[in-house]
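Working notes, structure below.
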Amino acid sequence: QAKELGRARFQAFHENMEYDFSKKVQLENDLHKALNENQFDLHYQPQVCTGKDHYLRMEALIRWEHPTEGKVSPAAFIPIAEDSGLIQEIGHWVLKTACATAKQMVRRGLNVVVAVNVSAHQIKHPDFQNLVETVLKDNQLPAQHLELEITESILMQELDMAVIMLKKLRRLGVSISLDDFGSGYSSLNYLKQLPVDILKLDRSFIHELPFNEESQKITTSIISLAHGLGIKVIAEGVENQDQADFLIENNCDYMQGYLFYYPVTSDHIISVIETLSPSQPP
Ligand code: C2E
Ligand code: MG
Ligand code: MG
Ligand code: MG
């Protein structure tokens, strides 16, 4: 009987896998069409500065409106895009779209920085820095308005190559931030080696603030370590005032999260950004 049960379980597991697999294949096929059929959009989530800042900052986040599935989360389709190689094309679209939006804002006299998530596969592409340079040129956007967000896990495998590419990108004048810091294999050693300007504290720490003592200690230590290395800190996923108070108290430079702003559609972001003035404390 146990054997029967085991078999049934295995079967259920197996069917699930097949379901997931065919779902993946379907999404991959649909992703091919998504660009041409204008199914992507970029939303933008403003970040707030705890002190004074010359820049109005925001992160660009891709959205996919699938014709039959509805909204598909980037957490679900970005990995598929990476596996299939489509990430190069999608990443290029994101970069062009974000830079065009930033340029519109700069034209209106808004001093913005738009942060764009970049996948490991893009960083590893030997032409990536040329691509970034071309997009900036085409949009006549000065590089200081662009920031590239990378995650550390990707950089593990080919650290030397990644460091070379990041240095080239920085030489263009774009800034680099390290996303989801503390969520994966974070090694403090990377911080020393990687040419980064900003570290984004993963929301798993922020979630437990301000009452969990370990999270408090980790957060304050990372902030002071980063500052010691000349790196600024953004807290991700700030959802309540207690968290914000703790972060301000402990010199975190920027905050991002639902407490302040949800990601805003591309149609609305310019008017939202216009209501903010730089160096306005939260
Ligand atoms: P991420 O880069 O760490 O982006 C932050 C995620 O946290 C976003 O999810 C954002 O909507 C969400 N978020 C913001 N504030 C809060 C908060 O207060 N609480 C909570 N619980 N969540 C918050 P989203 O938009 O679903 O994106 C998920 C991930 O997908 C991103 O994580 C990023 O890794 C990836 N991604 C999104 N857009 C792009 C893109 O254009 N290119 C690439 N390569 N990856 C992208
Ligand atoms: Mg990000
Ligand atoms: Mg993040
Ligand atoms: Mg992430």
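The values are calculated or read from the model by the stated rules, or taken from the named source; none is laboratory data. Here the structure is a predicted model, which is why all the values come from computation and not from measurement. Counting neighbours? That spans all protein chains shown, and the Cβs are built from the backbone with ideal geometry, glycine included. Heavy atoms of the whole protein, side chains included, go into the accessibility calculation; ligands, DNA and RNA do not. Shrake-Rupley method; radii C 1.70, N 1.55, O 1.52, S 1.80 Å.
Quick rundown of the values:
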| item | result |
| --- | --- |
| Length added when fully stretched, SER84-ASN212, from 0.36 nm per residue minus Cα-Cα | 42.0 nm |
| Rounded, prolate or oblate (a/c below 1.5 giving rounded, otherwise prolate when a/b exceeds b/c) for the stretch 64-218 by Cα gyration tensor | rounded |
| Cα gyration tensor shape for the stretch 134-232, rounded if a/c is under 1.5, else prolate or oblate | prolate |
| Student exercise, the stretch 175-282 dipole from Lys, Arg, Asp, Glu Cβ charges, in Debye to nearest 20 | 360 debye |
| Lys, Arg +1 and Asp, Glu -1 on Cβ, resulting dipole of the chain about Cα centre, debye, nearest 20 | 700 debye |
| Evaluated at q = 0.20, 0.27 Å⁻¹: base-10 log I(q)/I(0), Debye formula over Cα of the stretch 41-123 | -0.95, -1.32 |
| Among PHE77, PHE40, PHE21, residue whose mean-square fluctuation peaks in a GNM of the chain (springs only between Cα atoms under 10 Å) | PHE21 |
| Per residue value of the accessible surface for the chain (all protein chains in place, 1.4 Å probe), Å² | 52 Å² |
| Cα lying deepest toward the dipole's positive end in the stretch 78-161, options VAL135, HIS92, LEU110, charges on Cβ | LEU110 |
| Residue with peak Gaussian network fluctuation, the chain [Cα springs, cutoff 10 Å], from MET105, MET255, MET58 | MET105 |
| Rounded to 5, percent antiparallel among DSSP beta bridges of the chain | 40 percent |
| Nearby lysines by direct alpha-carbon distance to LYS52 (threshold 21 angstrom, same-chain neighbours under 8 apart not counted) | LYS200, LYS232 |
| Estimated FRET transfer efficiency (LYS23, GLU158; beta-carbon r; R0 22 Å; 0.05) | 0.10 |
| Most mobile listed residue (ILE218, ILE150, ILE123) in the chain, GNM with C-alpha springs under 10 Å | ILE218 |
| Volume per residue that the Cα convex hull of the chain spans, once the total is divided by residue count, Å³ | 164 Å³ |
| Once the Cα gyration tensor of the stretch 207-282 is diagonalised, semi-axes √(5λ) in Å | 26, 15, 10 |
| Cβ-defined net charge surrounding ASP253, 12 Å radius [Lys, Arg +1; Asp, Glu -1] | +2 |
| Dipole of the stretch 24-73 [Lys/Arg +1, Asp/Glu -1 at C-beta], most positive-end residue of VAL48, ASN36, VAL25 | VAL48 |
| The stretch 46-201: antiparallel DSSP beta bridges as a percent of all, rounded to 5 | 25 percent |
| Stokes-Einstein diffusion coefficient of the stretch 86-175, Kirkwood radius over Cα pairs, 10 °C, 1.306 mPa s, in µm²/s | 120 µm²/s |
| Extension gain from ASN189 to SER266, taking 0.36 nm per residue of separation minus the Cα-Cα distance | 24.0 nm |
